[in-house]
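No lab work stands behind these numbers, since they all come straight from the coordinates. This is a predicted model, so every value here is computed, not measured. When we count neighbours, we look across all protein chains shown, and the Cβ atoms used for this are built from the backbone with ideal geometry, even at glycine.
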Amino acid sequence: MNSLINYLSCGALWLGLAVKAPDLLRHRHDPYLRAICAVLGLAGLCFLLGAPPTVGAVNRLSGVPNLAAPLTYVAITGYCAASQVLVVHWRGGPRVHRTARRWTLAYAVVVVGIAAAFALGEAPVERRTDLDTYYATTPFIAQMIVLYLVAHLTAVTVTTVSALRWAREVRGGLRAGLLLLGAGSLCGAGYSATKLVAVSARWSGHDWSALGTTVSPAAAGLGALLVVVGVLVPLAAPRLAERRRAARAYARLEPLERALDGLLVRRSLRLPRPRLASPATLLMWRRTSIHNAFGHLDAYCDRDLYDRTRADALAATGDAELAGATAWAAVLTDALRHEAAPGAASAPAAATGRPPLPSPDPAALARIADVLSGAVRVPAAPALPSGRATAGTT
């Protein structure tokens with residue numbers, strides 16, 4: 001089960017790395033992106049190296065019993081350093097680079113300490129899952145274990161506090177991402193804390209190795225999942241918000257397209273509907289169909305009717321945008337009647353000599369759709385001007 005947790009956690013983290021990799025290639029000099037990718041990559045490496053099958057393979061191929069342990073600890077230490085550098089760049093300030101270098105140097109010293117302690121100690125018996133507690137009283141090996149656990153606990157604690165503190169100052173996807181990252185780092189603290197408890201129990205003669213072999217991997221696995229989601233949420237949130245906006249705008253225009261449907265079908269003005277398209281593509285398709293219909297109705301739009309209806313609606317509501325939408329709805333209804341009337345060969349608006357009405361912009365289209373759907377309360381449209389007969393009148 002531990003191996004499955006390790007490999008699934010590694011896969012989740014490296015999936016997040018794969019999502020971020022294109023951004024890193026485009027902006028390879030961005031220290032913030034480099035830190036994010038280092039956190040995801042090194043965290044995944046920690047889980048990969050810590051899986052019992054990987055431990056056995058590394059020890060067997062190297063010929064050194066338990067060599068996988070210091071390699072895993074070095075990967076964990078590198079992850080700690082990357083986490084601190086990420087936090088530093090999040091905080092910002094005039095001394096970002098200097099502080100990042102200090103954290104990097106501090107954890108480089110930890111790496112040297114891990115390597116030296118392993119070289120000086122003796123660990124002849126291979127332990128794939130409980131090395132921490134098995135060698136907790138062995139000179140130098142015990143110091144190596146405590147060194148990496150304290151370094152890890154320090155890093156995840158600082159990351160947790162920083163992420164949760166910053167989350168109180170922001171909103172939206174970034175806040176959600178910070179909360180998830182803080183929760184994931186807190187789970188990571190649970191990993192090193194339970195390991196330290198098990199090691200401390202070993203010093204006092206108790207065997208609490210189950211903490212290190214069951215609770216710690218579960219905490220680390222959950223933490224990895226939360227961390228990768230926390231990193232990806234701020235990236236995905238703007239895209240999801242844009243999709244929601246496009247979907248709402250698409251649905252909002254439906255009453256206007258429905259009013260124009262007869263004309264669109266009769267004159268073959270509607271393009272084929274795209275299949276498996278994004279909301280943004282569907283919105284563009286619907287707007288294109290509507291603009292095609294408006295272009296065909298230009299000659300049938302009565303400018304005088306527009307001006308009078310807009311003036312009446314503006315006097316009644318005091319809202320210029322609503323008045324314009326109300327006027328367009330009246331003109332559009334009138335134009336559709338005349339265009340569809342039998343024998344409507346002439347273009348009534350063309351005889352007035354006035355310039356045609358300019359096509360409404362996307363925001364105006366949405367307001368016209370609201371008027372046509374009855375979603376907004378508008379004053380009654382005025383009577384048609386004298387001299388214009390609607391379809392069906394004589």
Overall dimensions of region 102-178 as given by Cα atoms, namely Rg and Dmax in Å: 17.5, 53
Most mobile of Thr317, Thr72, Thr137 in a GNM of the chain (Cα contacts under 10 Å): Thr317
Farthest toward positive dipole pole in the chain [+1 Lys/Arg, -1 Asp/Glu at C-beta], among Gly93, Leu225, Tyr135: Gly93
Choice from Ala340, Ala246, Ala68 showing the highest fluctuation, given a GNM over the chain with Cα pairs closer than 10 Å: Ala340
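Given only helices, namely DSSP H runs of n ≥ 4 each adding -39500 (n - 2.57), what is the per-residue ellipticity at 222 nm of the chain, to the nearest 500 deg cm²/dmol? Let's see the in-between values first.
Working: 14 runs with 285 residues, N = 394.
My calculation for the chain gives -25000 deg cm²/dmol from helical runs alone.
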HN-Hα J in Hz across region 239-256 - Karplus 6.51, -1.76, 1.60, θ = phi - 60°, x for Gly and Pro: 5, 5, 5, 5, 5, 5, 4, 5, 5, 5, 5, 4, 5, 5, 7, 4, x, 5
Inter-part distance where region 86-107 and region 255-271 are each reduced to a Cα centre, Å: 60
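Quick check on packing: order 230-241, 210-221 by the mean number of other C-beta atoms within 10 Å, highest mean leading. Show your work: numbers first, answer last.
Values: 230-241: 15.9, 210-221: 19.7.
Highest mean packing first, the order is 210-221, 230-241.
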Solution diffusion estimate, µm²/s, Stokes-Einstein, region 253-373, Kirkwood Rh from C-alpha pairs, 10 °C, viscosity 1.306 mPa s: 106
Using alpha-carbon coordinates, inclination of helix 141-167 to the longest axis of the chain, degrees: 20
Most mobile listed residue (Gly295, Gly56, Gly172) in the chain, GNM with C-alpha springs under 10 Å: Gly295
Cubic angstrom per residue, convex hull over Cα atoms of region 1-89: 91
Residue-wise HN-Hα coupling along region 357-364, computed from phi with Karplus coefficients 6.51, -1.76, 1.60 (Hz; x: Gly, Pro): 5, x, 4, x, 7, x, 5, 5
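For every other residue with a beta carbon closer than 10 angstrom to the beta carbon of Tyr300, add +1 if it is Lys or Arg and -1 if Asp or Glu, then tell me the sum. List each step's numbers first, then the result.
Details: positive: Arg337; negative: Asp298, Asp302, Asp334, Glu339.
In short, -3.
Give a quick list of trypsin sites (Lys or Arg not before Pro) in region 258-308 that DSSP marks as loop, anything other than H, G, I, E or B, with at most 16 other Cβ atoms within 10 Å. Intermediate results must be reported in sequence, preceding the final value.
On the way: sites: Arg258, Arg266, Arg267, Arg270, Arg275, Arg286, Arg287, Arg303, Arg308; in loops: Arg267, Arg270, Arg275.
Within region 258-308, the qualifying trypsin sites (Lys or Arg not before Pro) (loop, at most 16 other Cβ atoms within 10 Å) are Arg267, Arg275.
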Distance histogram in 20 Å bins (all Cα pairs of the chain, percent per bin): 23, 32, 19, 19, 7, 0
Nearest-ten-degree value, helix 2-26 long axis tilted from longest Cα axis of the chain: 50
